[in-house]
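**Student:** I'd like to ask you about the structure that follows.
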Amino acid sequence: MIVSVNWLKKFTDIDVSIEELTELIGARLVEIESVEDLGEKYKDVIVVKVVECSPVPDSDHLNLTKIDDGGKVQNVERDENGLVQVVCGAPNVTAGMLAAWLPPESIVPETFADKEPFVLGARELRGFMSNGMLASAKELDLYDDHSGIVAVDKEAEPGTSFAELYELNDYLLDIENKSLTHRPDAFGIIGFAREVAGIQGKAFTTPAWLDTLNPEITSNSSVETPSVTIDEPELSDRFQAIVLSDVSESAQSPLEIQTYLSRSGIRPISAIVDVTNYMLLLAGRPLHAFDYDKLLAVNNDKIDIHVRSGREGETLALLSGKTIELSTDDIVVANGETAVSLAGAMGGAATEVDANTKRILVESATFNLYKLRAVQMRHGIFSESITRLTKGIPAPLGAPVLVEAAKMMGQFAGAVIASDITDAYPGKHTPIIVSLQEPIVNETLGTQFSAADIKELLENVEFDVAVNGTDITVTVPYWRNDIHITEDIIEEVGRLSGFDSINPVLPTRDFTAVRPSDFDLLRAKVRGLLVRAGANEVLTYNFIHGDVMRKAGQNPETAYRLTNSISPDLQYYRQSIVPSLLVNIHPNIKAGYDHFAIFELNKFHTKLTGLTEENVPKELDGLGFVVAASKKANKKSEGAAYYEAKRYLDYIATELGLEFAYEPLEADADYPVTQPFEPKRSARVWDTKTRERIGVIGEFKKSVQKAFKLSDNVAGFEISPVSLLKLTSALGTSYEPLSKYPGTDRDVSFQVASDVTYGQVYDAAKNALSHDSDSTLRITLTPLDIYEPESGETKNVTLRFTLGSYEKTLTGDEVNKIMADVTEKVTTATNGKVV
């Protein structure tokens with residue numbers, strides 16, 4: 001957003017240097033990205049009077065002019081009357097007019113920012129010496145019009161500085177918009193001037209025309225007041241409109257208005273359009289003009305305006321020439337059943353104001369800012385108007401802006417007010433009143449303000465303040481919809497006075513560091529374990545696209561949808577962590593990472609868990625993990641991906657002093673966390689001792705693999721850190737010393753019936769080991785392999801037994817005896833045999 005300092009000065013005194021002003025604005029209002037000295041560009045432009053004008057012989061367009069610059073420019077050739085000769089090719093040059101002259105040795109403003117600016121000189125054209133040039137709007141870098149020279153429309157003496165006459169000895173502040181998202185009032189020059197006054201400690205007074213919220217108008221009532229209905233009150237707080245007749249569409253606005261538009265980045269077009277854009281910049285309130293007769297034509301000569309949602313299958317041709325298909329999430333302005341405008345974004349081509357327009361309907365309205373933000377993203381429309389409307393423009397601002405615009409259109413384009421103002425206003429709000437006490441303000445800010453000081457600071461920016469002793473009651477002005485609570489007022493006091501002006505005083509409270517919570521300590525430990533095991537932590541958005549959920553087999557209907565998403569790709573709260581990780585698997589493999597593991601500790605939400613007591617979605621904590629290998633790496637790997645993921649999970653369990661049990665995942669499991677996993681190759685995870693549910697582990701469904709472009713060698717798990725905390729909190733201190741004697745490994749393959757699960761074999765081995773009463777032995781069990789022929793009645797399950805003793809080195813006979821006892825118990829329990 002570009003802010004003109006000279007425009008600000010029309011509404012408040014600025015008695016500091018530009019350097020001090022920018023520093024003050026940057027510290028107390030908004031970041032300034034750059035400052036442009038506009039006066040430097042126009043310092044050499046002179047207002048001149050064309051005294052003589054005659055055609056150049058043998059030319060069909062050139063004219064020989066003699067101009068009077070009041071003797072202002074030195075070192076230029078003059079005739080006996082002190083006039084300067086300039087050859088001009090503009091068709092509108094005439095004797096007696098005032099024009100803008102660029103003398104020799106001046107820089108053409110259009111090229112001012114170029115690497116090599118174009119410097120004018122005196123040169124011969126068709127045998128006549130031409131000194132400099134009479135400039136067009138394009139050459140003056142005002143706007144893109146080279147059809148003729150600029151005609152000065154103010155009374156001025158020859159030799160007057162063009163920059164001074166049109167207030168172009170200006171500074172332009174390039175404002176960083178994002179930090180003003182919550183301040184729609186500051187998106188208009190008047191609102192910005194109010195803030196500049198406040199941060200300078202000066203009282204501001206809103207112009208009378210803008211301060212009159214219910215202005216009176218006089219209409220000739222030549223047309224019926226338009227009918228307006230807001231079909232869904234949540235779509236618009238207020239919609240106002242007025243009809244103007246006898247409009248001259250070819251009329252041009254005054255040059256000064258054109259210069260203020262152009263320096264703010266808006267191209268002047270015609271008086272009607274310029275007035276709407278001028279009010280947009282001045283008051284921060286967008287207006288839109290419809291051709292009234294075209295509006296009648298789309299609804300059988302009736303005006304029956306409706307603000308409603310778009311309809312499925314409905315299309316709208318826009319002013320840009322693009323035809324869009326409307327969504328039920330769009331807001332449209334319709335006449336009868338026909339949509340004529342994409343509300344707040346762009347008008348329709350069918351009601352465009354053109355050179356034949358004689359009557360217009362001018363709209364001033366507010367629309368649901370959250371829906372408009374979605375419209376911006378969906379249709380790619382980022383105009384000045386919708387940018388302001390998405391900030392939450394207050395409804396009361398509409399009437400004074402609409403009436404002032406109608407008066408200006410009458411002044412510049414001959415428009416006559418032909419109807420009363422129609423006003424649909426379902427969104428009336430009572431003023432916000434905030435109560436606070438002087439001591440609270442000072443305790444919070446570390447200041448020594450009196451109640452009178454606080455009153456003055458707030459009244460400078462037109463808050464209504466009542467003081468009773470140390471009690472302060474503040475009535476918030478309608479344009480400050482960001483102020484709701486005591487802390488907002490305290491922040492406003494600190495900002496206006498300057499946080500940098502607060503005397504720094506060391507706090508007297510204890511600065512003992514706060515101990516991290518047990519949950520934070522657990523998360524840090526788990527994070528460290530996985531990193532130590534070789535996994536990489538990632539951090540992804542809590543918001544995802546609905547397609548990501550569908551790819552993961554989840555139902556978007558059970559997810560919370562965002563009405564004001566920051567991007568079309570971030571429409572929903574995610575319902576689990578793993579889908580966010582799966583999105584990143586294929587891009588990393590494509591980037592050359594053949595084998596890797598990633599994890600994320602974060603939050604997710606789902607409608608299935610309901611709301612909190614504060615009526616907001618419950619937050620759930622999760623640990624998502626995925627290990628992946630490319631097809632090339634998959635050929636070199638050993639075992640199924642499931643067991644690789646299980647090794648990571650078992651490592652977490654071991655290091656936390658827990659033991660997990662794995663049981664088949666039900667085929668009909670439909671909770672969002674389990675939906676990406678293939679039931680036949682996945683398991684529920686439980687704590688062995690307490691039967692506390694931990695989460696789910698496994699490989700992914702074929703549909704999920706295809707949707708995310710995954711290889712077969714991808715698996716993962718998602719578990720609850722809250723459950724881990726609950727389990728670890730109940731554990732005592734455990735310590736298992738390492739044996740100083742060497743151990744030995746024995747791999748045993750058990751052949752069992754095909755309907756016997758790996759878990760049953762593993763549990764049988766665990767039970768066999770637990771029955772050994774020798775406390776000096778240390779035996780651990782590790783799964784190695786499962787082999788099952790496609791057509792067979794048996795399968796082989798291979799386990800590795802690691803044996804050791806705390807007292808001695810075990811002999812071969814001792815190991816054989818122990819293993820014989822264990823294998824006998826396993827084969828008995830599983831009706832299998834050792835192969």
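**Student:** Which condition number in (1) open to solvent by less than 20 Å² (accessible area, probe 1.4 Å); (2) part of a helix (DSSP H, G or I) is the one that Leu457 fails?
**Tutor:** Condition not satisfied by Leu457: (1).
For (1) aromatic (Phe, Trp, Tyr); (2) over 30 Å from Leu213 (Cα atoms); (3) free of Cβ contacts under 8 Å to residues at least 24 places away in the same chain; (4) touching a helix residue (DSSP H, G or I) at 6+ places or on another chain (Cβ under 8 Å), each residue gets a yes or a no:
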position	(1), (2), (3), (4)
Ala466	no, no, yes, no
Thr470	no, yes, no, yes
Asp488	no, no, no, no
Glu491	no, no, yes, no
Phe519	yes, yes, no, yes
Gly528	no, yes, yes, no
Asn536	no, yes, no, no
His545	no, yes, no, no
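**Student:** So Val467 fits all but one of (1) over 30 Å from Ser723 (Cα atoms); (2) in contact with a strand residue (DSSP E or B) (Cβ under 7 Å, 6 or more places away or on another chain); what number is the exception?
**Tutor:** Of (1) over 30 Å from Ser723 (Cα atoms); (2) in contact with a strand residue (DSSP E or B) (Cβ under 7 Å, 6 or more places away or on another chain), only one is false for Val467: (2).
**Student:** Hey, another quick one. Of Pro184, Pro215, which residue is at pLDDT below 95 and surrounded by 22 or more Cβ atoms within 10 Å (Cβ to Cβ)?
**Tutor:** On inspection, the qualifying residue turns out to be Pro184.
**Student:** Which residue out of Thr430, Thr387 is modelled with pLDDT under 95 and not in a helix (DSSP H, G or I)?
**Tutor:** Exactly one residue qualifies, and that residue is Thr430.
**Student:** While we're here: Which residue out of Leu436, Leu372 is assigned to a strand (DSSP E or B) and not hydroxyl-bearing (Ser, Thr, Tyr)?
**Tutor:** None of the others qualify; the one that does is Leu436.
**Student:** Turning to a different aspect of this structure: Looking only at helices (runs of 4 or more DSSP H) that fall completely inside segment 1-52, which ones have 3 or more residues that are closer than 30 Å to Val87 by Cα?
**Tutor:** 38-42
**Student:** While we're on this one: State yes or no: is Ile433 aliphatic (A, V, I, L, M) and open to solvent by 30 Å² or more (accessible area, probe 1.4 Å)?
**Tutor:** In short, yes.
**Student:** Here's something else I'd like to know. Can we say Val526 is in the same structural domain as Gly624 (by TED's automatic domain parsing), hydrophobic (A, V, I, L, M, F, W, C) and surrounded by 14 or more Cβ atoms within 10 Å (Cβ to Cβ)?
**Tutor:** yes
**Student:** Given (1) modelled with pLDDT under 95; (2) at negative phi, where does Ala424 come up short, assuming only one miss?
**Tutor:** So Ala424 meets the others, but not (1).
**Student:** Out of Asp482, Asp510, Asp500, which single residue is within 35 Å of the chain's Cα centre (by Cα), assigned to a loop (DSSP other than H, G, I, E, B) and modelled with pLDDT under 95?
**Tutor:** Answer to the check: Asp482.
**Student:** Sticking with this one: Quick one: is Thr823 in a helix (DSSP H, G or I) and open to solvent by less than 30 Å² (accessible area, probe 1.4 Å)?
**Tutor:** yes
**Student:** Next question. If you go through segment 356-384 one residue at a time, how many are aromatic (Phe, Trp, Tyr) and modelled with pLDDT under 90?
**Tutor:** 2
**Student:** If you don't mind, another one. Filter the strands (runs of 3 or more DSSP E) completely within segment 162-279 down to those with at least 1 residues that are of a type in the set (A, V, I, L, M, F, W, C) and in contact with a Gly (Cβ under 8 Å, 6 or more places away or on another chain).
**Tutor:** Ranges flagged: 238-245.
**Student:** Take the conditions outside the structural domain of Asp687 (by TED's automatic domain parsing) and outside any loop (DSSP other than H, G, I, E, B) and apply them to Leu803. Does it pass?
**Tutor:** The answer is yes for Leu803.
**Student:** Would you be able to tell me the number of residues in segment 106-136 that are of a type outside the set (Phe, Trp, Tyr), in a loop (DSSP other than H, G, I, E, B) and either in contact with a helix residue (DSSP H, G or I) (Cβ under 8 Å, 6 or more places away or on another chain) or touching a residue at least 60 places away in the same chain (Cβ under 8 Å) (or both)?
**Tutor:** Count: 4.
**Student:** Got a number for residues in segment 630-657 being in contact with a Ser or Thr (Cβ under 7 Å, 6 or more places away or on another chain), at pLDDT 90 or above and buried (at least 16 other Cβ atoms within 10 Å of the Cβ)?
**Tutor:** Selection size over segment 630-657: 1.
The values are calculated or read from the model by the stated rules, or taken from the named source; none is laboratory data. Just so you know, these numbers come straight off a predicted model, no measurement behind them. Here Cβ is always computed from backbone atoms with ideal geometry, including for glycine, and neighbour counts include all displayed protein chains. When the accessible area is computed, the model is the full protein with side chains, heavy atoms only, and any ligands, DNA or RNA have been set aside. Shrake-Rupley method; radii C 1.70, N 1.55, O 1.52, S 1.80 Å.
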